[in-house]
1. Under the rule that an exposed site lies in a DSSP loop and has at most 14 other Cβ atoms within 10 Å, name the longest stretch of the chain with no GluC sites (Glu not before Pro) of that kind, not counting the sites themselves.
2. Among L126, L29, L88, which one shows the biggest mean-square fluctuation in a GNM of the chain, springs joining Cα atoms closer than 10 Å?
3. For the chain, with the dipole built from +1 on Lys and Arg beta-carbon atoms and -1 on Asp and Glu ones, taken about the Cα centre, which of A119, V187, I151 lies farthest toward the positive end?
4. With a 10 Å Cβ neighbour count serving as the proxy for reagent exposure, in which order, fewest first, do L107, L179, L203 appear?
5. What length, rounded to one decimal in nm, is gained on full extension from K236 through to E86, with 0.36 nm per residue of separation minus their alpha-carbon distance?
6. Using alpha carbon coordinates only, what is the Rg to Rh ratio of the chain, with Rh defined as the Kirkwood radius?
7. Go through V50, L66, Y93 and say which Cα lies farthest out towards the positive end of the charge dipole of the stretch 4-95; charges sit on Cβ, +1 for Lys and Arg, -1 for Asp and Glu.
8. Skipping prolines and chain starts, which residues have an amide H placed within reach, meaning under 5 Å, of the one on V263, given they are 5 or more residues away or on another chain?
Amino acid sequence: MAWKRALLEEREVRTSEGTFVITLEREDLSALYPDMERYTLTLRAGKKEVAVFRTNTYEYSPTVGLDPSSVARHRALIWEEGLKDEPLDFLEYLGKEETRRPPALSLTDVLVVQGSPRADGNCSILAGWVAEEVRAAGKSVQVLYPDDMEIHPCIGCYQCYNTGACTFEDEMEGVVRALRSARLLVVCSPVYTSTVPSGLKALVDRCQALHAALNFTGRGRLRGTSGLLLGVCGRKGRENFAYLAPVVEVFMENLGIVPAGEVLIDGIDRVRDVRTIPGQEGRVREAVRAALSISRCPS
């Protein structure tokens, strides 16, 4: 997606190490959120980009008394003073790369997110059926357990709309890479107080950084990825999924994941074990086969 950009400021900084140019640009991101603007401060030496700083209007809550324009301009002054005082030391400081933990997750055709904190519960049984069916189809698959992962809850800082990356360095980096690679996402979730468990919700919320990255690359959506929802609840009645299903649907829609069906199993409190319900394993396996047929998984 092309963003409307305006050059607000450009200044030269002459130092013993040469001449540098600092530019400040404003972009209109209101297509993403109402009245969102992103400010980009760039330091260049000739054609070489030395440093970039970005900030946006949604980062600042009403009580902090700051705005992105003044913050960016203040950062420009810091850069200018640093270059004039100790150019070599300051350039070394700017050039230091942050050490980020490499993602440990595999890249597979199918990604299963087992959203229940109970690793031996009914959702794990569903995830097992999914994995078996995927492997039988000759595809690769992995099952993630958000409650066993280091995934910091989203704090709504909106800094991902500056760079397309989250400020938190944790296992969510690997989840995002796995999502980008997978051609089928399967979400298994129980109903917790009418919605998804907190670990799964943390993963869902942190995918906002992926939403930002997709929009900044002009794609706006994951290409060729389908999504399947498998849900279980204790009480009888489809109305018990009235809040869980929309949460997962909106999560997938936000990333451009194409719905490939759902299997919702109610009344678990009375039977306790989903394996004892006639026909449910067949429903799940059939849903997986149908989803694989439309998800463009490579042969």
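1. Values: sites that count: E17, E97, E98, E150, E169.
Within the chain, the longest run free of exposed GluC sites (Glu not before Pro) spans 170-299.
2. Maximum fluctuation in the GNM of the chain, among the listed residues, is at L88.
3. My answer, from the dipole projection, is V187.
4. Details: L107 15, L179 21, L203 25.
Ordered by Cβ neighbours within 10 Å, fewest first: L107, L179, L203.
5. Numbers: separation 150, 0.36 × 150 = 54.00 nm, distance 7.02 nm.
Taking K236 through E86 to full extension adds about 47.0 nm, to one decimal.
6. Values: Rg = 23.4 Å, Rh = 21.6 Å.
The Rg/Rh ratio comes out at 1.08.
7. It is V50.
8. L229, L230, G231
Readers should treat all values here as calculations from the given coordinates under stated rules, not as data from a laboratory. The model shown is predicted, which means the values in this text are computed figures rather than measured ones. A quick note on method: Cβ atoms are made from the backbone with ideal geometry, for glycine too, and the neighbour counts reach across all protein chains shown.
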